[in-house]
Structures are given as structure tokens and as C-alpha cells.
1. Would you pick out the residues in the range 117-153 that are charged (D, E, K, R), crowded, with 20+ Cβ neighbours inside 10 Å and under 15 Å from Pro372 (Cβ atoms)?
2. Please work out which one of (1) outside any strand (DSSP E or B); (2) in contact (Cβ under 8 Å) with a residue 60 or more places away in the chain is the condition His257 fails and give its number.
3. Are any of the residues in the range 87-109 of a type in the set (D, E, K, R) and either assigned to a strand (DSSP E or B) or crowded, with 24+ Cβ neighbours inside 10 Å (or both)?
4. Among the numbered conditions (1) part of a strand (DSSP E or B); (2) touching a Lys or Arg at 6+ places or on another chain (Cβ under 9 Å), tell me where Asp120 comes up short.
5. If a residue has to be part of a helix (DSSP H, G or I) and under 21 Å from Val297 (Cα atoms) to count, how many in the range 311-367 make the cut?
6. For the range 59-78, enumerate the residues that are buried (at least 17 other Cβ atoms within 10 Å of the Cβ) and closer than 17 Å to Glu148 by Cβ.
7. List the number of the failed condition for Glu189; all other conditions in (1) over 25 Å from the mean Cα position of the chain (by Cα); (2) in a loop (DSSP other than H, G, I, E, B); (3) at pLDDT 95 or above hold.
8. Which one of Leu296, Leu309, Leu290, Leu244 is in contact with a Phe, Trp or Tyr (Cβ under 7 Å, 6 or more places away or on another chain) and modelled with pLDDT of 95 or more?
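The values are calculated or read from the model by the stated rules, or taken from the named source; none is laboratory data. The shown structure was predicted, so the numbers you read here are calculated from the model rather than taken from an experiment. All Cβ positions, even for glycine, are placed from backbone atoms using ideal geometry, and neighbour counts span all protein chains on display. Areas reflect the complete protein model, heavy atoms only, side chains present, ligands, DNA and RNA absent. Shrake-Rupley method; radii C 1.70, N 1.55, O 1.52, S 1.80 Å.
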Amino acid sequence: MTDLASPPETTSTPGSDLVLVLDPSHGLSVTARRDLDNAPVPEWRALAARAGQPPFTGPDWLRAVHTHLGAGEPLLVSVRRDGRLLALGAFALLGGGPRPLLTFLGAGGSDYAGVLADPDADVPAARLVAAVLDGALREVPGAVLDLEQVPAAGEQVELVTRWAHHRRYAVRTLPQATVRAVPLPATVEEHDAGLGRHARHEERRQWRRLAELGELVVADDLLAGLAELRRHDPEAAADRLEELVTELAEVDDAHPHADRRRRPWRGASGRTLTEVLWTSPPGTVQLSGLRVDGELVAYAFCLAGPRALHGYVQSYRARYAGTGPGTLLLLRLRRRAIVSGYRELDLLRGDEAYKKRLEPVARHTVRLVLTPAGQDLLPALVDRLSLFRRTYRDEIRRHERLDRSFESVSGAVERLRDGLTRRRAAATPPRPPAPRRPRFGRRRG
């Protein structure tokens, strides 16, 4: 860990009233660390919430994505005053080219990214963001910054651009993704009135048809009790999570368009999402589903942010398609979001047809490529940057082709269980070895 605090030095341009602090002052302290093992996880979560940012910018998501889908060396830059965390930038450092490259941690795997800055601090956001970026460049001088999935309408684009101007960095702003969100009314009654009489009648009919197929159970929280079980019996909790992930993967395999849909619970993506389920605080991940005679028919995976509910992925089994389980679950999800106080269901990236039918609001994210002035991108670096244009969906499909085995579904749980076993062995005296029981998911069909 490097302490970057030093005497203040400022710079400004003629005719500009903006003065950015090149080195932190007024009690600010900037530190940089190149690992995630000792990351300030609780403080990081709290800062993301105060900043109104979604879980994609928090530690649970980013650590999992970097572990299973990411590349490069982590670089965390923290800004504190009197010990309190006021700003944080989570980056990944990629070398091997003509110049070092800094991306946001989890690049390609996160629908949103940015530097976190505490809006309640009595320090301007411009100064906090500048302190983070300055700290990153002090750690990696002359680096090119390739910052993906920055909301186009937010203040971060302007803050980063102004910082780059003062640091003699050229900025390229590239359109990146379209994000669709559904505004939600204040009450469920308003929501239902907006559906219209025919839609409400069709919804009731589909519920009846689904119930006629067997015992229908609506599970608003498929993770209920997992956190408590983990505290008392981590091994049993890992077994239960593995079984649930297997069910989710089987639903995806049975989707009507399974041959061309992504498989989020397989391969590296499956290990990523399983780790997110394991590490996230209760309530951050909202996983709901429908069961008929005990079989999981449909599910919806959402991430709860401070301002919106983010619908990450949903799926259903083809043989139940006539009853509309996906539509039923989405309508229930919207009503629950309204009751929970959300005024937006964020459907994130992607051009799925169901999103467009909901008449969503379209927003955009951009990619900011910052290079030292006078140093054009070299061809080799352009090639490296082009690799980062892939989306999370592309990465998932790539890993599907490499590994679609049943065993890959449970890889993350196996790793978590092995960690529990090692810690338990370190804390207890050695005993004679016992026969090892078969682990769930080892069978091959």
C-alpha cells in the first residue's frame, strides 16, 4: 500500500475559475493498494450507497467479476479525511504493451462504472474525483485510462473531462451501450390501472392455468434463510446454494430459445454470480421464482440499489410457456419494487424484445479513453483497447463454448467450500482422515 499524500500543488488555466488539487490537501489522504484481499469492504459498500450508485460499483460484484472474468492487476485508490472514506476508484492495471493501461475493475462485466465520491462530504466532487485519478497516475505514471460504462447523463463525464484538460490528457468519448429502464408509479393501484382491463384479465387467466398444472408456489425470496444458515452451518449453506444454482442453470437450459440465449449460470459467469450470491449482504440480491410441484418453473435475478431495482436476468421453462410464467413473474416483481419504494425498474443493457414492449426510457453509457497529450495511440495499444469492447454477454458466450459441463455450474461453491475446509483444518488439531463423501454436482450424465 502506497501513501500518496504530499504538500499541495495546484494548477489552473488562464481564464478558468477551476483549480484542481494535484496533490491532496486540507486533511485529505490518498492511498493506493494493488490487491483486493484487504479491501475496505463494509466502507466501500456504504460509500457506494451514499453516492447513489448501483451494486455494480460495489465490492461484492467487482471482486467476483475480476476473479472469474477480469484481467490485470487490481489497483484501489482511496481518499480519506480523518479516517473516513470519502472517495474510491477501483481500477485494473494491464501491462505488456507500449504504455500501461488502466481500466475500471470489472471492465466488460459491469453495466455501470465510475469513481465513487461521497456527496455528503464538505469537499467538492471535482476535488475527490481528481484526487482519485491523480493517485492512480502517481501509482502508474503515463498510463492510458480506458474507462467503460460511465453514465452519459451523469456528472462523472464532465468531472473526468475537466480533470483531463488540466492534466494535459486528451479525451475520446465513445458511445457504448443503451440501457432501458421502466418508470414505476407511486402505488400498485396506479400500476394496475395503467395495465388496462384486458391485460389484468389475461394475467388472472394465466395464474389460473399455471395453478391447474400442479401445486403452485410463489417464492419471492429463493435465498430466504441462506445467510442465517451460513452463520450456523457454512457447509450446509454451500450445499444449498449449489443446489439452487443447479436449478437456475436447468431453467436456462430448458428455455424456448436456449440455443441462442446466454447461459449466465454456466462456466465463468456461473462462478461469478454464485460468488455474488455468497458474499453479498442480505437483500442486495433479490432472487424470486415460481415452482410447480416443487420444480422451478421461472426465476428473476435482480440487484437492489439505493435508487433503482436492477433486473439482471430472468428465464423460464419452455413447456410452461403457454401460461406466461416470465410475464407473471415480471409483473409481480414490478409490484414488489413499488411497495419497496422504488420508482424505477432498470432493465440494464441488452436488446431483448420484452424490454421494448414495456415502453422503457432509454439511457446511454459512454467510454472515456484518456491519453497523455501529444501521444497518439500506438497500433498495438489500439488492438489491446479493442479487446475491451466486448460486452459481458460476449464474455459469457465465449466461456460457454469453452466449458458447458455440469461441473462448471458448481465451481464457485466448490472453491468456497474448500476455503471453509482449510480454515477449519487450521483452527483444529489434526484428526485421522475420514472417508470423503461424494460432493453434489460430481455426477456426469
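1. If the condition is that a residue be charged (D, E, K, R), crowded, with 20+ Cβ neighbours inside 10 Å and under 15 Å from Pro372 (Cβ atoms), then Asp134, Asp146 are the ones that fit.
2. (2)
3. no
4. Result: Asp120 fails condition (1) only.
5. Our first condition is that a residue be part of a helix (DSSP H, G or I); within the range 311-367, this holds for 318-323, 325-339, 353-357.
Filter once more, so that each one left must be under 21 Å from Val297 (Cα atoms): 318-323, 325-336, 353-355.
Adding up the residues that qualify gives 21.
6. Trp61, Leu62, Val65, His66, Leu69, Gly70, Gly72, Pro74, Leu75, listed by residue number.
7. Condition not satisfied by Glu189: (2).
8. Leu309
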